[in-house]
């Protein structure tokens with residue numbers, strides 16, 4: 001038996017129709033509502049004005065003998081009390097209601113959430129009992145959202161990205177092809193480069209003390225952290241603050257790009273870096289230091305083609321729209337900006353190229369980029 005009597009549901013539905021008609025309100029279907037979330041994200045990226053996504057769902061356990069709450073009357077109650085600038089729709093058809101509160105003013109998100117939550121409870125108390133209200137789950141998600149720094153593999157508010165999940169489901173067959181290309185390509189390169197691996201390993205051990213591989217925490221798709229592999233090109237126990245300062249200047253004002261014009265220095269590599277060994281200079285100039293990343297590809301942490309995976313302190317410097325490059329596709333060994341702009345592009349231009357790739361990638365585009373990568377490396381315009 002439903003929490004709402006048939007008479008109550010009909011009465012509330014009738015009031016909703018009147019309110020919606022008079023105010024010109026519309027309850028969006030799931031596809032349209034999720035598309036509006038994506039639009040509001042892009043609007044916030046441009047304006048820096050945050051929005052709040054509120055989701056309501058029946059909180060009754062699936063194992064409960066009692067039926068769930070009919071959410072239609074709750075929609076009816078909400079319609080007359082939300083602002084004309086707010087957007088209401090089905091986050092999940094008939095099971096989750098969503099409301100997008102736009103134009104949130106001020107930095108105190110907790111106060112804004114508390115005010116909206118108090119207003120919501122007061123509104124529901126008019127038509128629902130306390131027991132009914134206790135079985136309604138409510139979630140609040142602000143955008144821009146904070147990404148957890150635990151490397152859990154998702155943005156902290158994954159609910160703000162339903163369109164990306166849908167898009168990945170629609171591209172599942174093509175993603176299978178991309179993964180197959182990654183496995184085949186990485187296995188092929190690892191087999192072909194076995195002698196090169198051995199020579200590089202011996203050269204590194206013979207000329208400097210320390211491990212053969214350089215391991216570093218990087219940020220992959222959805223904020224997932226993984227151990228990034230390269231052949232070690234620097235002396236051990238180095239102070240990484242110089243690189244952090246360099247990247248900070250580059251991302252913030254492009255001043256760091258002045259140091260990447262020297263042949264053999266890439267966008268993220270300091271020209272004439274004194275920390276680099278003699279063998280390391282050769283490895284960087286030829287991009288041979290990148291070869292161990294085929295192991296990352298084989299493990300599924302990276303792809304052959306995709307955006308460059310940032311270091312966590314780089315991600316902390318990103319503007320909101322920059323982070324989209326980590327949502328659409330896996331990071332890669334090479335990418336569109338490496339074979340087009342390389343050391344000549346600014347950071348914003350690099351991100352735009354990554355986003356262009358993310359929205360238009362295909363197996364044929366991946367193949368084209370892979371074929372163009374050796375030429376870009378040989379020209380020595382910057383290490384991949």
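Can you say whether residue 263 is part of a helix (DSSP H, G or I) and either modelled with pLDDT under 80 or out of contact with any helix residue (DSSP H, G or I) (no Cβ under 6 Å at 6 or more places or on another chain) (or both), as far as the supplied structure shows?
Working: part of a helix (DSSP H, G or I): no; either modelled with pLDDT under 80 or out of contact with any helix residue (DSSP H, G or I) (no Cβ under 6 Å at 6 or more places or on another chain) (or both): yes.
No, not satisfied.
Is it the case that region 188-204 has a residue that's within 18 Å of residue 329 (Cα to Cα), touching a residue at least 24 places away in the same chain (Cβ under 8 Å), in the same structural domain as residue 300 (by TED's automatic domain parsing) and surrounded by 12 or more Cβ atoms within 10 Å (Cβ to Cβ)?
Restricting attention to region 188-204, the residues satisfying the condition of being within 18 Å of residue 329 (Cα to Cα) are none.
No, the conditions are met nowhere in region 188-204.
Is it the case that residue 304 is more than 27 Å from residue 41 (Cβ to Cβ) and assigned to a helix (DSSP H, G or I)? Spell out the reasoning first.
Values: more than 27 Å from residue 41 (Cβ to Cβ): yes; assigned to a helix (DSSP H, G or I): no.
Criteria not met by residue 304.
Have a look at 290, 301, 319, 328 and point out the one that is within 30 Å of residue 145 (Cβ to Cβ) and modelled with pLDDT of 90 or more.
On the way: 290 fails: within 30 Å of residue 145 (Cβ to Cβ); 319 fails: modelled with pLDDT of 90 or more; 328 fails: modelled with pLDDT of 90 or more.
Being within 30 Å of residue 145 (Cβ to Cβ) and modelled with pLDDT of 90 or more holds for just one of 290, 301, 319, 328, which is 301.
Scan region 8-29 and give yes if some residue there is over 21 Å from residue 117 (Cβ atoms), at pLDDT 50 or above and either within 28 Å of the chain's Cα centre (by Cα) or not assigned by TED's automatic domain parsing to the domain that holds residue 109 (or both), otherwise no.
So far as region 8-29 goes, yes, one or more of its residues are over 21 Å from residue 117 (Cβ atoms), at pLDDT 50 or above and either within 28 Å of the chain's Cα centre (by Cα) or not assigned by TED's automatic domain parsing to the domain that holds residue 109 (or both).
Residue 53 versus (1) in contact with a helix residue (DSSP H, G or I) (Cβ under 8 Å, 6 or more places away or on another chain); (2) in a loop (DSSP other than H, G, I, E, B); (3) modelled with pLDDT of 50 or more; (4) surrounded by 15 or more Cβ atoms within 10 Å (Cβ to Cβ): which is the lone unmet condition?
Just one mismatch for residue 53, condition (2).
Give the residue that is modelled with the highest pLDDT, with candidates limited to residues of region 30-50 that are part of a loop (DSSP other than H, G, I, E, B) and surrounded by 12 or more Cβ atoms within 10 Å (Cβ to Cβ). Give the steps one after another, and end with the answer.
Of the residues in region 30-50, the ones part of a loop (DSSP other than H, G, I, E, B) are 48-50.
Narrowing further to those that are surrounded by 12 or more Cβ atoms within 10 Å (Cβ to Cβ): 49-50.
Values: 49: 86, 50: 89.
Residue satisfying both the conditions and the ranking: 50.
Which of the residues that make up region 101-120 are under 25 Å from the mean Cα position of the chain (by Cα) and over 22 Å from residue 43 (Cβ atoms)?
110
Identify the single condition in (1) closer than 30 Å to residue 38 by Cβ; (2) surrounded by 13 or more Cβ atoms within 10 Å (Cβ to Cβ) that residue 176 does not satisfy, given that it satisfies every other one.
(2)
Are any of the residues in region 354-363 outside any helix (DSSP H, G or I) and either in the same structural domain as residue 180 (by TED's automatic domain parsing) or on the phi > 0 side of the Ramachandran plot (or both)?
Within region 354-363, the subset outside any helix (DSSP H, G or I) is 361-362.
If we keep only those that are either in the same structural domain as residue 180 (by TED's automatic domain parsing) or on the phi > 0 side of the Ramachandran plot (or both) as well, we get 361-362.
Yes, that holds for at least one residue.
Just for helices (runs of 4 or more DSSP H) wholly inside region 156-249: which have at least 3 residues that are farther than 28 Å from residue 363 by Cβ and at pLDDT 90 or above?
On the way: elements: 162-170, 172-192, 194-207.
Result: 194-207.
Residue 124: surrounded by 18 or more Cβ atoms within 10 Å (Cβ to Cβ), in the same structural domain as residue 33 (by TED's automatic domain parsing) and modelled with pLDDT under 85, yes or no? Give the steps one after another, and end with the answer.
Working: surrounded by 18 or more Cβ atoms within 10 Å (Cβ to Cβ): yes; in the same structural domain as residue 33 (by TED's automatic domain parsing): yes; modelled with pLDDT under 85: yes.
Yes: the conditions hold for residue 124.
Does residue 98 satisfy the condition of being surrounded by 12 or more Cβ atoms within 10 Å (Cβ to Cβ), modelled with pLDDT of 85 or more, in contact with a helix residue (DSSP H, G or I) (Cβ under 9 Å, 6 or more places away or on another chain) and not assigned by TED's automatic domain parsing to the domain that holds residue 295?
On the way: surrounded by 12 or more Cβ atoms within 10 Å (Cβ to Cβ): yes; modelled with pLDDT of 85 or more: yes; in contact with a helix residue (DSSP H, G or I) (Cβ under 9 Å, 6 or more places away or on another chain): yes; not assigned by TED's automatic domain parsing to the domain that holds residue 295: yes.
It is true that residue 98 is surrounded by 12 or more Cβ atoms within 10 Å (Cβ to Cβ), modelled with pLDDT of 85 or more, in contact with a helix residue (DSSP H, G or I) (Cβ under 9 Å, 6 or more places away or on another chain) and not assigned by TED's automatic domain parsing to the domain that holds residue 295.
The values are calculated or read from the model by the stated rules, or taken from the named source; none is laboratory data. Small disclaimer: the values here were computed from a predicted structure and weren't measured. As a convention, Cβ positions derive from the backbone with ideal geometry for all residues, glycine included, and neighbour counts pool all protein chains shown.
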